[in-house]
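Written out below as structure tokens is the structure these notes cover.
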Amino acid sequence: MVKEVELRIPTSYDDITLKKWLVLQNELKSYEDDEEATLALLLLHLCNLPVEYLKGLGVDDYNMIKNELGAFLGKTDLPLQRFITIDAVEYGFEPNLSQMTYGAYSDITKFQQIQIDENWAKVMRVLYRPVKDKKGDMYSIKTYSGDENHSIFLDVPMSVHFGALFFLYNLLTDLLSDTLKSTMEMELPPNIKPILQRSGHHMLQLLSLPQGTLPNSSLLQKNP
């Protein structure tokens, strides 16, 4: 009896939700040193290919799937998407991070690390909120209350999530670099060390972007 298996091969991060990505990442932790198992999990979760059918794939089909996945997995240059739509509601990225309320800032920095993990949807609910007013490039979003539903971000594609993560990462990297340059050019007050230690703690949450955020794309190098 021949059984047909439908493969859904993603061609970009637009095709992968946060919910699917978290399940994949959680299982990959157990097979970090096993390349064959890692690739099998990628094909299982991203392409809907059961493990038992992996060895039955033709060489051409196998290489084609690897090449399709390798074309985008591991990329870190995804742009920030300022506006996204969830359930017919438009959400906007926090337009003024320097004026973020204490409650919003506190809810983002309470985690030991800011990364794509089980807490990331809670960070996204702070960064993206419903748009209230919009005129050209100017817009305002709903005031953060702390009661926002973070689960709606589980079905948002990873292109949005990575765009937000790497925007924050690059922003904080630049900020830290500029801060260090400025302190070299000015006379520092005697209490600067404890001040920088307190401020730096939250910067390091973003700067400690783990290698595990992205899969090992070397497994998916294109075949000649």
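Key figures for this structure:
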| quantity | calculated |
| --- | --- |
| Segment 44-74, residues that are outside any helix (DSSP H, G or I) and in contact (Cβ under 8 Å) with a residue 24 or more places away in the chain | Asn48, Leu49, Pro50, Ala71, Phe72, Leu73, Gly74 |
| Scan of segment 111-142 for residues that are surrounded by fewer than 18 Cβ atoms within 10 Å (Cβ to Cβ), under 22 Å from the mean Cα position of the chain (by Cα) and within 19 Å of Leu171 (Cβ to Cβ), ordered by number | Phe111, Gln113 |
| Sole exception among (1) outside any helix (DSSP H, G or I); (2) modelled with pLDDT under 85 for Ser140, by number | (2) |
| Residue list for segment 38-55, filter: more than 23 Å from Asp15 (Cβ to Cβ) and at pLDDT 80 or above | Glu52 |
| Residue among Asp117, Asp178, Asp133 that is out of contact with any helix residue (DSSP H, G or I) (no Cβ under 7 Å at 6 or more places or on another chain), within 20 Å of Gln99 (Cα to Cα) and at pLDDT 55 or above | Asp133 |
| Selected residue [over 22 Å from Leu24 (Cβ atoms) and assigned to a helix (DSSP H, G or I)] from Phe167, Phe153, Phe162 | Phe167 |
| Qualifying residue in segment 82-104 (condition: under 30 Å from Pro10 (Cβ atoms), among the aliphatic types (A, V, I, L, M), without any contact (Cβ under 8 Å) to a residue 24 or more places away in the chain and part of a loop (DSSP other than H, G, I, E, B)) | yes |
| Odd one out for Asp77 among (1) of a type outside the set (Lys, Arg); (2) over 30 Å from Val126 (Cβ atoms); (3) touching a helix residue (DSSP H, G or I) at 6+ places or on another chain (Cβ under 9 Å); (4) surrounded by fewer than 11 Cβ atoms within 10 Å (Cβ to Cβ) | (2) |
| Selection count, segment 147-166, where residues are over 16 Å from Ile86 (Cα atoms) and surrounded by fewer than 18 Cβ atoms within 10 Å (Cβ to Cβ) | 1 |
| Selected residue [within 27 Å of Leu7 (Cβ to Cβ) and out of contact with any strand residue (DSSP E or B) (no Cβ under 8 Å at 6 or more places or on another chain)] from Gly58, Gly103 | Gly58 |
| Which listed residue, of Glu32, Glu52, Glu36, is out of contact with any Lys or Arg (no Cβ under 7 Å at 6 or more places or on another chain), surrounded by fewer than 17 Cβ atoms within 10 Å (Cβ to Cβ) and closer than 27 Å to Met124 by Cβ | Glu32 |
| Residues of segment 94-128 classified as over 18 Å from Leu154 (Cβ atoms) and of a type in the set (Phe, Trp, Tyr), total | 2 |
| Verdict on Leu24 being of a type in the set (A, V, I, L, M) and touching a His at 6+ places or on another chain (Cβ under 6 Å) | yes |
| Search result, residues across segment 1-29 that are free of Cβ contacts under 8 Å to residues at least 40 places away in the same chain and over 25 Å from Lys75 (Cβ atoms) | Met1, Val2, Lys3, Glu4 |
| Test: residue in segment 82-89 that is more than 18 Å from the chain's Cα centre (by Cα), at pLDDT 80 or above and either surrounded by 14 or more Cβ atoms within 10 Å (Cβ to Cβ) or among the acidic types (Asp, Glu) (or both) | yes |
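The values are calculated or read from the model by the stated rules, or taken from the named source; none is laboratory data. Since we're looking at a predicted model, the values are computed, not measured. Cβ coordinates were reconstructed from backbone atoms using ideal geometry, including for glycine residues, and neighbour counts include every protein chain displayed.
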